[in-house]
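First up is the structure itself, then whatever we jot down about it.
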Amino acid sequence: MQIQLLSFGFKYGVPVGVNYIWDVRFLVNPYWIAELKPFTGLHAGVAEYVLEHHRSRDFLQLMEPMVLFLIKQNREADKEKCVLAVGCTGGRHRSVAVTERLREYLLARSINPTVIHRDIEKDGAVDGS
């Protein structure tokens with residue numbers, strides 16, 4: 001079964017053809033931090049800011065096993081593809097950081113997802129890697 005992770009910005013519309021969507025707009029937002037704003041969730045500083053907050057750690061503790069459960073259930077149902085989407089406001093910071101963390105989590109469990117950051121380049125973002 002093909003696993004796809006998709007980050008996106010709600011302000012550009014909810015993606016179609018996805019199986020599951022998580023809204024992470026409740027997480028701390030680097031958009032409001034001047035030195036982080038121009039970068040994306042691929043930037044180490046942005047990812048750390050988002051992912052190391054207690055709210056994010058609590059969320060990931062719940063999300064990660066849920067994702068494994070959903071992948072298992074979709075495999076058992078003989079699905080060919082499972083698309084898991086993570087959205088924030090603009091699709092550049094929080095959703096990207098969470099999606100990349102989820103990619104690492106799955107790779108550590110021998111699951112190799114494809115990843116698409118649909119809106120990462122909108123509004124002049126830079127990856128800063």
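So, in the chain, how many Lys pairs have Cα atoms under 21 Å apart, if the pair is 8 or more places apart or on different chains? It would help to have the intermediate numbers written out before the result.
Working: LYS11/LYS37; LYS11/LYS122; LYS37/LYS122; LYS72/LYS81.
So the count works out to 4.
Histogrammed with a bin width of 10 Å, the alpha carbon distances of segment 58-129 distribute as 17, 47, 28, 7, 0 percent, first bin at zero.
The peptide list 96-108, 76-88, 13-25, put in order of mean Cβ contacts within 10 Å with the highest first, becomes 96-108, 76-88, 13-25.
Taking the C-alpha atoms only, the angle from helix 94-107 to the longest principal axis of the chain is near 40 degrees. Short-range pairs are left out: with C-alpha atoms under 8 Å and at least six residues apart, the relative contact order of segment 2-121 is 51 percent. Under a 5 Å amide H cut-off, with hydrogens placed 1.01 Å from N, HIS93 pairs with GLY41 among residues at least 5 apart or on other chains.
Taking label positions 7 Å along the Cα-Cβ direction at both GLN61 and TYR12, the computed distance is 3.3 nm, reported to one decimal.
Go ahead and run the numbers for FRET between ASN19 and GLU104, Cβ-Cβ distance against an R0 of 22 Å, rounding to 0.05. Walk me through the numbers before you get to the answer.
Details: r = 21 Å, r/R0 = 0.93.
Computed FRET efficiency for ASN19 and GLU104: 0.60.
Run a plain Debye calculation on the chain (Cα atoms as equal point scatterers, no solvent) and give log10 I(q)/I(0) at q = 0.11, 0.12, 0.13, 0.16 Å⁻¹, rounded to two decimals, same order as the q list. Each listed q corresponds, in turn, to -0.35, -0.42, -0.49, -0.73.
Subtracting the Cα-Cα distance of ASP78 and ASN112 from their residue separation scaled by 0.36 nm leaves 10.5 nm. Where only DSSP H runs of four or more residues are counted, the chain gives -11500 deg cm²/dmol as its mean residue ellipticity at 222 nm, each run worth -39500 (n - 2.57).
Coordinate-derived values only; no laboratory data. Computed from a prediction, not measured in an experiment: that's the story for all the values here. As a convention, Cβ positions derive from the backbone with ideal geometry for all residues, glycine included, and neighbour counts pool all protein chains shown.
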